[in-house]
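In what follows, a single structure is set out as structure tokens and then discussed.
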Ligand SMILES: Cc1cc2nc3c(=O)[nH]c(=O)nc-3n(C[C@H](O)[C@H](O)[C@H](O)COP(=O)(O)O)c2cc1C
């Protein structure tokens, strides 16, 4: 799944970060809007997902993960639940700024 995602994303200029925490995936996907929408359609129609929810959409000038066709972390590498507890951050729903800060830290640690 990660290899397929990376290959497809790299081919169309998408980057981002994916974090798995127990059975929940948090994903940041960035790039040209039409490609983001197409990838999102693929992800949404993938029946390995029970419930896909968009937490935020934004237009940006710069990417947050320019060198990652899809960075990846899980709760064993760094737990989002622990991070949220340490930062007094809500998780239901999570704040987008918190998820981005968390993923940026994870990506920096893997560089
Ligand atoms: C958690 C998760 C994240 C995924 N992320 C991406 C992604 O970033 N880009 C992508 O092209 N496919 C991603 N996929 C795979 C798609 O759901 C889909 O299986 C894949 O794009 C192949 O689609 P196709 O058979 O319609 O070509 C992800 C799948 C899962 C389960």
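The values are calculated or read from the model by the stated rules, or taken from the named source; none is laboratory data. Model, not experiment: these values are computed from the prediction. Cβ: placed from backbone, ideal geometry, glycine included. Neighbour counts: every protein chain shown.
A few notes on this one:
- Single residue of the stretch 30-48 satisfying the filter (in contact (Cβ under 8 Å) with a residue 24 or more places away in the chain and part of a loop (DSSP other than H, G, I, E, B)) that is nearest to the ligand (Cβ to nearest atom): 48
- The residue pairs whose first member lies in the stretch 6-19 and is within 15 Å of residue 63 (Cβ to Cβ), whose second member is modelled with pLDDT under 95 and more than 8 Å from the ligand (Cβ to nearest atom), and whose beta carbons are closer than 7 Å, counting only pairs six or more residues apart or on different chains, do not exist in this structure.
- Residue 90, sole failed condition from (1) exposed (fewer than 11 other Cβ atoms within 10 Å of the Cβ); (2) out of contact with any helix residue (DSSP H, G or I) (no Cβ under 8 Å at 6 or more places or on another chain): (2)
- Residues of the stretch 84-109 that turn out to be assigned to a helix (DSSP H, G or I) and within 15 Å of the chain's Cα centre (by Cα), as a count: 13
- Subset of the stretch 15-24 (residues that are out of contact with any strand residue (DSSP E or B) (no Cβ under 6 Å at 6 or more places or on another chain) and near the ligand (Cβ under 10 Å from one of its atoms)): 24
- Residue within the stretch 65-75 that is within 16 Å of the ligand (Cβ to nearest atom), out of contact with any strand residue (DSSP E or B) (no Cβ under 7 Å at 6 or more places or on another chain) and touching a residue at least 24 places away in the same chain (Cβ under 8 Å) present: yes
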